[in-house]
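Below: one structure, written as structure tokens.
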Amino acid sequence: MFRPLSAAQGGGSSMIVMILVYVVFIAALYFIFFRPQNKRKKQEAQMRNNAQVGDSIVTIGGIVGRIVAVKDDEDAVIIETGSDRSKLKIKRWAIGSVETAQATEESK
């Protein structure tokens, strides 16, 4: 008679252990995959929002240019490319990387 009760109690504790394993696994996935991705998105958004006139940028399409105007109302920037000074208006989300003019002046 005592056998089935002790087996049932052992099964309940193994169920709790199994749930804890799943919780630890999901927490590990969060810290390995999702948290770094969110941090990277925040850094990219900050980089795009801090782009100023005079900064050299590379768009996600590979276009290299220098910012000549910022259109805050349209959330866009106007860049100047090439030696013929062609101008393009691009959205801020299309900025891939920014090399700030202030950082290059400080390093000289």
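Which shape class, rounded, prolate or oblate, goes with the stretch 36-108 when its Cα gyration tensor gives a ≥ b ≥ c as root eigenvalues, a/c under 1.5 marks rounded, and past that a/b bigger than b/c marks prolate? Cα axes put the stretch 36-108 in the oblate bin. Available extension along the chain between ASN49 and TRP93 is 14.9 nm, counting 0.36 nm per residue and deducting the alpha carbon span. The HN-Hα couplings worked out from phi for the stretch 87-99 by the Karplus form 6.51 cos²θ - 1.76 cosθ + 1.60 (θ = phi - 60°) are 10, 10, 9, 10, 6, 4, 5, 8, 6, x, 8, 10, 10 Hz, whole numbers, x standing for Gly and Pro.
None of the figures in this text is laboratory data; all of them are computed from the coordinates on show. Since this is a predicted model, take the numbers as computed values, not measurements.
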